[in-house]
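Report on the following structure.
The values are calculated or read from the model by the stated rules, or taken from the named source; none is laboratory data. Here the structure is a predicted model, which means the values were calculated and not measured. The protein model used for the area step is the full one, side chains on, heavy atoms only, and it has no ligands, DNA or RNA in it. Shrake-Rupley method; radii C 1.70, N 1.55, O 1.52, S 1.80 Å.
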Amino acid sequence: MRILPSGDHALLVELDDLDQVLGYYTALTADPPADVVDIVPAARTVMVSTDGPLDALARALRAVEPQAGGRAASELLEIPVVYDGEDLQDVADLLGCSPAEVVSRHTRDDWTVAFCGFAPGFGYLTGLGDWDIPRRKSPRTKVPAGAVALAGEFSGVYPRESPGGWQLIGRTHVKIFDQEREPAALFHPGRRVRFVDAGRE
């Protein structure tokens with residue numbers, strides 16, 4: 001673990017891998033140090049901003065004991081999905097199985113929002129299964145809102161129409177991000193998610 005300055009009011013904790021990030025973030029949010037304003041996890045780092053002195057924050061961050069397992073118990077959000085994505089067969093071929101088995105594996109896992117980024121409301125979800133799906137060689141210029149996708153070890157749901165290179169396996173009508181709603185984003189770090197097969201339309 002390394003702790004690095006990040007501006008005048010924050011420190012960046014560098015960790016070895018995503019599992020360490022999840023364990024560290026879970027422990028840190030359960031008992032945050034004094035004067036902490038925000039905690040933002042990413043793939044290999046956790047940024048912590050504060051209203052207090054940075055030296056005191058650094059001492060507190062070094063004392064954090066990551067939670068074993070790295071996944072906090074949190075409210076489960078179920079997302080109904082119609083599994084008819086353009087890349088479903090390609091993903092099945094990559095995994096050496098049938099499209100039905102891809103759907104079974106995707107719905108069998110409980111996923112955890114590891115961190116957010118790319119677009120407002122977009123969560124990088126990590127599961128317990130063995131996922132390693134390459135991005136598309138040619139990204140699409142338009143991916144519709146609600147598209148459910150895979151890339152690397154992550155699954156995600158596009159919160160709005162945007163370019164994207166992830167493999168599309170399905171779609172949902174659930175609004176992942178809605179500025180008229182409180183909170184606007186359904187996904188936040190630590191949120192547990194289960195995808196549910198909604199059949200065909």
Pair-distance profile P(r), taking every C-alpha pair of segment 76-201, with 5 angstrom steps and integer % = 2, 12, 23, 27, 21, 11, 3, 1, 0
query = So how tilted is helix 18-30 from the main axis of the chain? Cα-based, degrees 0 to 90, rounded to 10.
reply = 60 degrees
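When DSSP beta bridges are limited to those with both residues in the chain, what percentage is antiparallel, rounded to the nearest 5?
Bridges in the chain that DSSP calls antiparallel: roughly 85 percent.
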task = Mind checking the per residue accessible area of the chain for me, 1.4 Å probe, whole number of Å²?
result = 51 Å²
query = What order do 173, 106 take when sorted by accessible area (1.4 Å probe), most exposed first?
reply = 173, 106
query = Which percent of the accessible area of segment 77-197 is formed by carbon and sulfur heavy atoms (probe 1.4 angstrom)?
reply = 50 percent
ask   = Accessible area of residue 133, 1.4 Å probe, to the nearest 10 Å²?
value = 0 Å²
